[in-house]
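A quick write-up on the structure given underneath.
The values are calculated or read from the model by the stated rules, or taken from the named source; none is laboratory data. A quick note: this is a predicted structure, and the numbers were derived from the prediction, not measured. Neighbour counts are summed over all protein chains in view; Cβ atoms, including those assigned to glycine, are modelled from backbone coordinates with ideal geometry.
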Amino acid sequence: MTSSLPPLRERVDPPARLDPPPAELGLHWRGLELADIPALHVLFHRIEEHDSTPYRTALEETHERYVADWHSEPTNVLGGFDPAGSLVAFAAVALSPTDTHTLRVHIEGGVDPAHRHRGIGTAMLDWELGRARQLLARSDRSVPARLVVHVEEGMPDSVHMLTTRGFQPRRYYTELRRDLALPLPPVVLKRPLEIVPWSAELDEQVRLAHNVAFAEHWVSEPQTAESWAQGRTYFVPEWSFIVLDRTTDRAQVVGYLLSSKYEQDWPSLGWSEGYIDLLGVRPDWRGRGIATALVSQALHAYATSGMQYASLGVDTQEPGEVFGLYSKLEFEPTRGSTMYTIDL
């Protein structure tokens, strides 16, 4: 089916010239470089401590975000420095390189608490919107595009700033946790299905199964081998599992659960946890208890490792929707965030 949309370069209206935020704000602006990562990490920490976010970004994560999202074009991440030379604000845009159905530009930024309420955040957002449109205008593709910002709950100033620029709430994210002190569910799976530990040898089959399992998900894009390998800093193989269908001599991956350990978040959370990053089942194998068995297996693995909780994030179209499988397994909501978008 041919798209009726004009090419992106004809419809996103990019600015011909994009200046940094005005000098009247009292900051010097330049693109952030690899050498700025330690200072960026310190800024992340100050922001997260002040805002009481339920996570803490480790130095390794800061490096990973810079390299994975921004390294291809340093002009996509802008730093604001005070007269003493300290990094006190950052603004970043990242065009998802593997998107095929909808091109997404992810926007993020932050201001040191001591420099807020001076118009810096609003000026950075205007720069980000202009830079995002410039990135999209390079494309001749006739596909939808979306500017994306995620906002943690309890941040009304950020919500106001976004909505006055045309952003609308698009999707709701909820973090769930399950107390591992409660009786653990049994792991039940009928033959010829079998749960096995994750292994590097099966990981490419897991990637292919993931692309099939999430092909109809509203926001999913196919994972390339390169993008699949990214973001594994906190991956825990011994907490990750695969379901194989052994109907034939060549076993087929039909379900998977990948876990991580974000220890840097535990002090702010107030508990230790195993985290379910990805859970998927190929469509033709759904309805056979595979997802339940995978989560149950993970719960046992977390408990054996001494974790207090199991956690994961789910997304819904409306706030307050039921959580199905997870409610049955006694997961409870803890906090949330919202995705705001401008669709182009």
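Can Ile195 be described as at pLDDT 95 or above and assigned by TED's automatic domain parsing to the domain that holds Glu318? So Ile195 passes the test.
Hey, which of the strands (runs of 3 or more DSSP E) in region 83-202, taking only ones fully inside, have at least 1 residues that are under 24 Å from the mean Cα position of the chain (by Cα) and either farther than 30 Å from Glu238 by Cα or not basic (Lys, Arg) (or both)? Because the criterion is at least 1 residues that are under 24 Å from the mean Cα position of the chain (by Cα) and either farther than 30 Å from Glu238 by Cα or not basic (Lys, Arg) (or both), the strands (runs of 3 or more DSSP E) in region 83-202 that meet it are 87-95, 103-111, 145-152, 168-179. Scanning region 16-37 for residues that are touching a residue at least 12 places away in the same chain (Cβ under 8 Å), over 17 Å from Val77 (Cα atoms) and assigned to a loop (DSSP other than H, G, I, E, B) yields a total of 1. There is at least one residue in region 227-244 that is without any contact (Cβ under 8 Å) to a residue 12 or more places away in the chain, assigned by TED's automatic domain parsing to the domain that holds Glu273 and under 22 Å from Tyr302 (Cβ atoms). Scanning region 214-265 for residues that are under 16 Å from Leu279 (Cβ atoms), in a helix (DSSP H, G or I) and either touching a Cys at 6+ places or on another chain (Cβ under 8 Å) or modelled with pLDDT under 90 (or both) yields a count of 1.
Of the strands (runs of 3 or more DSSP E) lying entirely inside region 266-344, those containing at least 2 residues that are touching a His at 6+ places or on another chain (Cβ under 8 Å) and within 23 Å of Ile195 (Cβ to Cβ) span 273-281.
Confirm whether Leu40 is touching a residue at least 12 places away in the same chain (Cβ under 8 Å), touching a Phe, Trp or Tyr at 6+ places or on another chain (Cβ under 7 Å) and farther than 27 Å from Lys261 by Cβ. No; evaluated as a whole, the condition is false for this residue. For Ala301, the criteria (1) in contact with a helix residue (DSSP H, G or I) (Cβ under 8 Å, 6 or more places away or on another chain); (2) surrounded by fewer than 19 Cβ atoms within 10 Å (Cβ to Cβ); (3) among the small types (Gly, Ala, Ser) hold in every case but one, which is (2).
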